[in-house]
Amino acid sequence: MVSGEIIKVHSLSKKFSGINVLENINFAIKKGESLSIIGPSGCGKTTLLYIIGGLLRPDAGQVLIHGREVKGAKDDVAFILQDYGLLPWKTVRENVELGLKIKGVEKTTRDALSLRALQELNIEKLSLRFPSNLSGGEKQRVAIARALVSSPEILLMDEPFSSLDTLTREKLQNTIKTIQIEKKLTMVIVTHSIEEGVFLGDKIIIMNSHPGRVEVMIENKNRRSLDFRGSQHFYKICNKVRGIIEKGERE
C-alpha cells in the first residue's frame, strides 16, 4: 500500500441476483482526504459505500483500510445516512449518545462527549427535544453529532443533505467541510448533486452504470479555499463533471 493511503479499493465487484452492480472498481484515498462519488441512479454508489464501511461484502476484490482487509463494521468508521436514522422515542442527546452507550462507555464520559458534539454543531439547546420537534436541518445536525461523537477516523455519507432546502443544504455543506478539514477526517460522500460533490470532494469519482464502474477521477485541488463556492474554479469543475456525465448518458 502506498504511504499515506488510508482506504484502498482494489478490483472490487458485486452482484445482486446474478446481475453485476459493481465491476472492477479501483481507487485510493489518503488520510484526511475527502472523496465525492457522483453518478446516475442505479450505478451502485450506495452499494460501494456500504462495502467500504463493512456493511456488505464484495463478490470479488477487496477494500483495505490501513492495509487490512475490511470484513465487517469498524469502530473508527461512522455513517451519516439520508434519512437521519434518529430514534423517535429518544431525545437529541440520547440519540447522540446511542453509539457510545452500545459500546459500553460510562455515563460520565458519554455526557462529556455528547455535550462537546452538540456544542460543535450548535445544537446544545435542542438536547432535550425529540426528533418530531426538529426541522430537517436540525435532524441532520443531530445525525452529524452522533457520527462524530466517538471521534471516527473515517466518515461515510450517503446523500446526507438531499431532502433539505437549498439554503439549509449549503449551510450544512459548509459545516461538514469545516469539520472535515479541522478534524482531518477521511470522508467519502455519495451524492447525486454535482455542486455538492464538487464542493465537498478533494477527489471526485464519476461512475457510469450497468454495471457500475469508475468512469473518471478528478483532482479538485482548490476545494479547500475559503471562497471556493463562488470561484471560477468551482464552476469550471462543475461544468467538467456535468460534461462527463452527459457524455456518458448519450453513449
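Got at least one residue in region 98-109 being part of a loop (DSSP other than H, G, I, E, B) and in contact with a Lys or Arg (Cβ under 7 Å, 6 or more places away or on another chain)? Steps first, answer last, please.
Start the filter on region 98-109 by keeping residues that are part of a loop (DSSP other than H, G, I, E, B), which leaves 103-106.
Within this subset, residues satisfying the condition of being in contact with a Lys or Arg (Cβ under 7 Å, 6 or more places away or on another chain) are none.
No, region 98-109 has no match at all.
Considering each residue of region 1-60, count those that are closer than 24 Å to ILE194 by Cα, surrounded by 16 or more Cβ atoms within 10 Å (Cβ to Cβ), more than 20 Å from the chain's Cα centre (by Cα) and polar (S, T, N, Q), and give that number.
0
Okay, residues lined up against (1) in contact with a Lys or Arg (Cβ under 6 Å, 6 or more places away or on another chain); (2) buried (at least 18 other Cβ atoms within 10 Å of the Cβ); (3) under 24 Å from LEU121 (Cα atoms):
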{"residue": "THR166", "(1), (2), (3)": "no, no, yes"}
{"residue": "GLU170", "(1), (2), (3)": "no, no, yes"}
{"residue": "GLN173", "(1), (2), (3)": "no, yes, yes"}
{"residue": "ILE176", "(1), (2), (3)": "no, yes, yes"}
{"residue": "GLN180", "(1), (2), (3)": "no, yes, yes"}
{"residue": "LEU185", "(1), (2), (3)": "no, yes, yes"}
{"residue": "ARG223", "(1), (2), (3)": "no, yes, yes"}
{"residue": "PHE234", "(1), (2), (3)": "no, yes, no"}
{"residue": "GLU246", "(1), (2), (3)": "no, no, no"}
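Hey, among LYS74, LYS90, which residue is more than 16 Å from ILE189 (Cα to Cα), within 16 Å of the chain's Cα centre (by Cα), part of a loop (DSSP other than H, G, I, E, B) and among the charged types (D, E, K, R)?
On the way: LYS90 fails: within 16 Å of the chain's Cα centre (by Cα).
After applying the criteria, what remains is LYS74.
For GLN173, work out the one condition from (1) over 14 Å from the mean Cα position of the chain (by Cα); (2) free of Cβ contacts under 8 Å to residues at least 60 places away in the same chain it doesn't fulfil.
For GLN173, the failing item is (1).
Residues that are within 20 Å of LEU35 (Cα to Cα), surrounded by fewer than 20 Cβ atoms within 10 Å (Cβ to Cβ) and at pLDDT below 90: does region 125-144 have at least one?
Looking through region 125-144, none of the residues is within 20 Å of LEU35 (Cα to Cα), surrounded by fewer than 20 Cβ atoms within 10 Å (Cβ to Cβ) and at pLDDT below 90.
Take THR168 and tell me if it is of a type in the set (Val, Ile, Thr) and modelled with pLDDT under 90.
Values: of a type in the set (Val, Ile, Thr): yes; modelled with pLDDT under 90: yes.
Judged against the criteria, THR168 is a match.
In region 204-225, what residues are more than 21 Å from the chain's Cα centre (by Cα) and farther than 21 Å from VAL188 by Cβ?
Of region 204-225, the ones more than 21 Å from the chain's Cα centre (by Cα) are 210-211.
Within region 204-225, just HIS210 meets the criteria.
The values are calculated or read from the model by the stated rules, or taken from the named source; none is laboratory data. Note that the structure is a prediction, hence the values are computed from the model and not measured. Using ideal geometry, Cβ is built from the backbone for each residue, glycine included, and neighbour counts are taken over all protein chains shown.
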